[in-house]
Each structure stands twice: as C-alpha cells, then as structure tokens.
Amino acid sequence: MEKEIVSQGVVEVTHSTNLSITEVKETFKPAKWRRVIGIFWDTFLLEPVERKFVKRIDFFIFSYSLLSYVIKYLDQSNVSNAYVSGMKEDLALNGQQRNLFTTFFNIGYLIGSIPSQILINRTRPSIFIPSCELVWGILVMCLAAAQNAKTIYGIRFIIGLAESTVFPGFMLVLGSWYYPNELGKRMALFEVSSSAAQMFAGYIQAGVYATMNGRYGVAGWRWAFIIDGIISLPIACIGFYCLPDFPTTTRARWLSPENRAYAVQRMAKVGRKPPRPLTPKRLLKFFCSWRPWVFQGPYNIGGFGASSSYFNLWLTAVGRFTVEQVNIIPTGGNAIAIVVAYFFSIVSDYNQRRAPFIFVAILIPFICNIIIAVWNIPFGLMMAANLINYANFSSQPLVVAWAAESFQDDAETRGLVVGLGNTISYTMSAWLPLFLFPTTEAPHYRLGYKISSMFYGIQLLTVPGFWYYLRWEQRKSNMVLNEFGLAVNRDDLYALESSGEVLDEGEIDEKRKAVTSAVEV
C-alpha cells in the first residue's frame with residue numbers, strides 16, 4: 001500500500017489488479033520527490049495502477065529492445081574496430097575494401113527493410129525479430145573464421161538482411177504501447193543505445209586486443225567476433241518471451257488479461273489504431289500518398305553524409321595514439337550523443353513538441369561538419385568537433401516519435417515509413433561513402449565533410465516543411481486535437497470499438513461531444 005497526495009488530502013491507494021482507466025483519479029498529485037525524479041523518468045509521475053503497468057512493459061518490452069539494439073550495433077560496428085586492430089594486416093586488405101564491408105551490409109539491409117515490415121504484419125514481431133537475431137548472431141561468429149575479403153562480403157550481406165527488421169520493427173512495437181509523453185524518452189534511449197553499443201565495441205576490442213591477441217593462435221580481432229556472438233545468442237532467445245506483439249494481438253505470458261485490456265484502453269484513449277491486414281491495395285495506397293515521402297526529409301537527408309564513423313581514421317593518422325586509445329577515444333563522442341539525445345527527449349516530451357528540438361539537434365552536426373571541413377584548425381578544436389559530431393544521432397528518435405504520433409491512425413504506415421526511410425538511407429550508404437570518404441584520401445577527405453554539411457543544411461529546411469504538411473493534412477481531413485495534443489478523426493471516439501468497451505447511446509453521445517469540443521487544428 002502506498003500513500004499519495006490528492007487535492008482533498010492524503011488518501012491510501014491500493015494496487016488493484018482490476019485495471020481500468022476510469023479508476024485513475026483525476027486530481028492525482030504525486031509526492032514532491034516523485035515530481036523531481038519524474039523530470040528524468042515519467043513513471044514516477046503516474047498514479048499507482050498505471051505506474052505498475054508502465055513499469056511492467058518497461059521491464060519486458062523496453063529493456064529487451066535496448067538489449068537487442070545494443071547487440072545489433074555491437075555486431076555491426078565490430079568490423080570497423082577489427083579493421084584497425086589487425087584485420088587489415090592479417091587479411092592483406094587494401095583500397096576500398098573497408099568501405100565495401102559496409103556497402104555489402106547496406107545492400108542486404110536495404111533489400112530487407114520493407115519486406116521485413118510486411119512479414120511482421122503477416123507473422124508476429126515476437127517470433128520474427130528474435131529469429132532474425134539468432135541468424136545474425138551466428139553469422140557474426142562466422143566472421144572470426146574469414147580468410148579473405150570476399151567471405152566477409154557475403155557474410156556481411158546476410159547479416160544486413162537479418163538486421164533490417166530490428167529498427168523499424170521495434171519502432172512499431174514501442175509506438176503501440178506508450179503514451180506520447182512517454183514515447184520520446186524511450187525512443188531516444190533506444191536510438192542512443194547504438195552509441196552505447198559502439199562504446200562497448202571499442203572497449204571490447206581494446207580489451208580483447210590487450211588480453212586475448214594471439215591466445216591459442218587466434219588473433220585478437222577474431223576473438224572479438226567470437227565474443228560478440230556469444231553475447232548475442234542468449235539475448236535473442238530471451239526475445240521469444242519478452243516481445244508481446246501489439247496490445248490487441250499479444251499472447252505474452254507476462255501480461256494478465258487485465259493488463260491486456262488496460263493496454264488496449266490506453267491506446268484507444270490516445271487514438272492510436274491497432275494493426276490491420278496489409279493488403280496489396282493498402283500497400284499501393286501507401287506508396288502513392290504524400291505521407292511516406294514528405295517524412296523522409298527530416299528522417300533521412302542528414303544521414304546521407306554522416307561522417308562520425310571516420311573519426312578513428314583521423315586519430316590513427318595523427319600518430320599520437322595507441323591502438324587501444326584509437327578504439328576508446330571515439331566512445332567519448334558516443335557518450336555525448338547519449339546525453340544530448342536524452343536531454344532533447346525530456347524537453348520534447350515535457351513540451352509535447354517535436355519540431356523545434358529536432359531542428360536544434362540537426363543544427364549541431366551541421367556546425368561540426370563545417371568546422372571539420374575547414375581542416376586547418378587547432379588540434380583541440382578538431383578533436384571537439386569530431387566528438388560533438390556524434391550528436392547527429394540525437395534527432396532521429398524524436399523524428400520517429402513524431403512519426404508515431406503523426407501517423408497514429410495507421411499502424412502499418414508507422415512501420416512502413418521507417419522501413420522505407422531505412423531503404424533509402426542504406427541505398428545511399430551503399431555507394432555514397434565510396435565517393436565522399438574514399439579510403440585512399442583518409443583522413444583528409446576532399447569532399448566528404450563539405451557535402452555532409454550540405455546534407456544537414458537541407459535537412460534543417462525539411463523540418464518546418466514536414467510540420468506544415470501535417471497541418472495541411474489535418475485541416476483537409478477535418479481533424480481535431482485530443483487531450484494529448486494529437487490529431488484524430490472527429491468521429492473516431494478514441495477508437496473505443498477496439499477497446500471492447502460497451503456503451504449505451506447516452507454514453508456514446510457524451511464521447512462524441514468530448515471529441516467535437518476539442519481544440520480545432
């Protein structure tokens with residue numbers, strides 16, 4: 001039993017197992033210490049019943065998604081670390097082969113991005129995503145046995161194919177369980193977990209190189225692939241239990257019938273529609289509409305020239321650092337990315353606005369790339385610009401949260417816009433780095449940082465463009481804003497038909513009046 005303060009005084013609140021949104025006290029006011037901590041994590045601000053539910057889905061869904069995404073990037077970034085830790089010399093690599101490792105991964109990723117979202121709709125995320133994780137975990141271990149570049153090309157292609165489902169898949173799942181004021185922080189932590197993974201990859205590579213290099217006749221960079229795989233496989237198996245699919249389709253054993261009903265009510269209250277069968281007609285309509293294409297501006301363009309991954313080549317060329325330091329120093333940039341992304345997510349969730357903070361998050365790498373492009377600058381300024389440049393990751397989680405809220409009337413659109421975005425992104429990444437950042441020019445690229453600045457500048461302009469498009473679409477569809485500030489159909493009644501709630505005629509009229517009296521868009 002827990003005591004909380006309400007406007008009438010101190011009352012006792014029990015943790016009832018009979019969950020219902022109607023039981024939430026409208027005048028609930030959390031204790032002072034909860035309000036302070038709640039600035040950083042919202043569950044401390046919730047009433048006890050809802051707090052217990054959100055903590056449960058955080059423990060299973062969100063914790064697993066973080067682990068899974070960390071492993072994805074750990075497995076994805078280890079090739080770059082291995083390259084500067086002995087792979088280049090052992091396999092006699094030269095020319096553009098380092099970039100081609102990324103290119104073949106990207107080709108697999110872009111081929112799989114959209115089909116994976118169709119397969120998730122036809123199967124279940126709880127089965128499809130962990131199965132893909134098992135595949136790439138095994139293949140990462142196989143990289144340890146590679147004897148030439150061609151073998152790595154083939155393995156990296158299949159790994160990219162398997163990993164293509166993870167980001168859009170988790171974005172779809174997370175967007176189906178959380179309120180808008182809960183979503184930004186979780187999207188941010190999910191996205192920046194890739195930065196944490198790159199930090200761990202650097203630490204693992206440095207540690208393995210220092211302690212395992214040559215052990216049993218196996219090079220340190222090969223041991224890193226083996227250890228990555230050993231870490232990946234158990235986490236993939238956990239996913240079959242932790243992932244719950246969607247509120248209306250879940251079979252998760254850790255959710256009681258009351259929990260499931262409560263989850264459906266929460267999403268119905270927001271106005272977020274449940275999944276529907278993705279027919280060929282609906283798929284064609286998706287590609288023929290403006291929605292997915294206008295979204296690509298703020299989501300994609302800056303990433304076309306992302307340059308932070310070339311920082312370690314500059315560190316190597318400087319000649320001041322050891323192999324271990326070259327692996328560890330970039331982790332400082334990953335730490336900056338985590339702090340910046342989480343800060344923007346907190347203020348964005350609090351203000352219930354995405355566009356202004358996305359704009360500032362894109363402005364940071366725009367300035368950093370301009371500084372690096374100048375090149376002949378003091379060593380300290382160059383180091384700072386390269387480290388802060390990692391903050392380019394901070395805009396994407398807010399953009400994805402923005403999409404989940406803007407396209408909440410269509411669950412499949414939420415997944416497909418991200419899948420399409422990844423396809424476009426990896427299509428560009430499959431060839432553009434070969435032109436912008438050729439290995440033979442490292443670390444002073446003739447065009448790379450200049451073109452990267454240009455891409456971020458264009459992306460800055462697309463943020464207000466997407467905002468105006470959404471306003472136009474909402475006016476055209478005669479939509480209204482609900483209590484969460486999200487646009488819903490005037491006659492939607494918060495999708496009560498999907499919640500299973502039975503209403504008499506008088507209650508339906510009251511719901512309709514509540515919707516039609518909402519603030520006009």
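Could you list, in sequence order, the residues of segment 354-374 that are of a type outside the set (Val, Ile, Thr), in contact (Cβ under 8 Å) with a residue 60 or more places away in the chain and surrounded by 24 or more Cβ atoms within 10 Å (Cβ to Cβ)? Within segment 354-374, Arg354, Pro365, Asn369 meet the criteria.
Going through (1) open to solvent by less than 10 Å² (accessible area, probe 1.4 Å); (2) closer than 23 Å to Leu233 by Cβ; (3) of a type in the set (Lys, Arg) one by one, Arg186 falls short only on (2). Looking across Ile107, Ile39, Ile111, Ile61, one residue alone is in a loop (DSSP other than H, G, I, E, B) and at pLDDT 75 or above. It is Ile39.
Just one of the listed residues (Met187, Met199) is in contact with a helix residue (DSSP H, G or I) (Cβ under 6 Å, 6 or more places away or on another chain) and at pLDDT 85 or above, and it is Met187. Looking at segment 240-255, which of the residues that are touching a Ser or Thr at 6+ places or on another chain (Cβ under 7 Å) and more than 28 Å from Ala487 (Cα to Cα) is most open to solvent (accessible area, probe 1.4 Å)? Checking each candidate, the answer is Phe240. The condition of being buried (at least 21 other Cβ atoms within 10 Å of the Cβ), touching a residue at least 24 places away in the same chain (Cβ under 8 Å) and out of contact with any Pro (no Cβ under 9 Å at 6 or more places or on another chain) holds for Lys273. Please indicate, with yes or no, whether at least one residue in segment 111-121 is under 17 Å from the mean Cα position of the chain (by Cα) and open to solvent by 20 Å² or more (accessible area, probe 1.4 Å). Looking through segment 111-121, at least one residue is under 17 Å from the mean Cα position of the chain (by Cα) and open to solvent by 20 Å² or more (accessible area, probe 1.4 Å).
Hey, does segment 358-378 have a residue that's in a helix (DSSP H, G or I), touching a Lys or Arg at 6+ places or on another chain (Cβ under 7 Å), within 18 Å of Met171 (Cα to Cα) and of a type in the set (A, V, I, L, M)? Looking for residues that are in a helix (DSSP H, G or I), touching a Lys or Arg at 6+ places or on another chain (Cβ under 7 Å), within 18 Å of Met171 (Cα to Cα) and of a type in the set (A, V, I, L, M), one finds none in segment 358-378, hence no. In segment 122-142, is there at least one residue being surrounded by 20 or more Cβ atoms within 10 Å (Cβ to Cβ) and of a type in the set (Ser, Thr, Tyr)? So far as segment 122-142 goes, yes, one or more of its residues are surrounded by 20 or more Cβ atoms within 10 Å (Cβ to Cβ) and of a type in the set (Ser, Thr, Tyr). Is it the case, given these coordinates, that Gly297 is farther than 24 Å from Ile127 by Cβ and within 22 Å of the chain's Cα centre (by Cα)? In short, yes.
Can you work out which of the residues in segment 394-452 that are part of a loop (DSSP other than H, G, I, E, B) and within 24 Å of Gly108 (Cβ to Cβ) is most open to solvent (accessible area, probe 1.4 Å)? Going through the qualifying residues, I end up with Trp431. Candidates are the residues of segment 143-165 that are free of Cβ contacts under 8 Å to residues at least 60 places away in the same chain and outside any helix (DSSP H, G or I); the one that is most open to solvent (accessible area, probe 1.4 Å) is Gln147.
Applying the criterion of being hydrophobic (A, V, I, L, M, F, W, C) and farther than 17 Å from Arg222 by Cβ to the residues of segment 77-110, the residue that is surrounded by the most Cβ atoms within 10 Å (Cβ to Cβ) is Phe105. The set of residues in segment 227-239 being open to solvent by 10 Å² or more (accessible area, probe 1.4 Å) and more than 20 Å from the chain's Cα centre (by Cα) consists of Ile227, Ile230, Ile231, Leu233, Pro234, Cys237. For first residues located in segment 336-350 and assigned to a helix (DSSP H, G or I), partners that are buried (at least 18 other Cβ atoms within 10 Å of the Cβ) and among the hydroxyl-bearing types (Ser, Thr, Tyr) and lie 6+ apart or on another chain with Cβ distances below 7 Å form the pairs Ile336/Tyr390; Ala337/Ser195; Ala337/Tyr390; Ala337/Ser394; Ile338/Ser195; Val340/Ser394; Ala341/Ser394; Phe344/Ser394. The criterion of being in contact with a helix residue (DSSP H, G or I) (Cβ under 8 Å, 6 or more places away or on another chain) and at pLDDT 90 or above holds for Ile388. Residue count for segment 470-482 satisfying the condition of being open to solvent by 40 Å² or more (accessible area, probe 1.4 Å) and touching a residue at least 40 places away in the same chain (Cβ under 8 Å): 3. Looking across segment 293-343, just one residue is within 20 Å of Ala361 (Cα to Cα), among the polar types (S, T, N, Q) and open to solvent by 50 Å² or more (accessible area, probe 1.4 Å), and that is Ser309.
The values are calculated or read from the model by the stated rules, or taken from the named source; none is laboratory data. Quick caveat: nothing in here was measured; it's all calculated off a predicted structure. Heads up, the Cβs are rebuilt from the backbone with ideal geometry, glycines too, and the neighbour counts pull from every protein chain shown. To get the accessible areas, we keep the full protein, side chains included, count just its heavy atoms, and leave off ligands, DNA and RNA. Shrake-Rupley method; radii C 1.70, N 1.55, O 1.52, S 1.80 Å.
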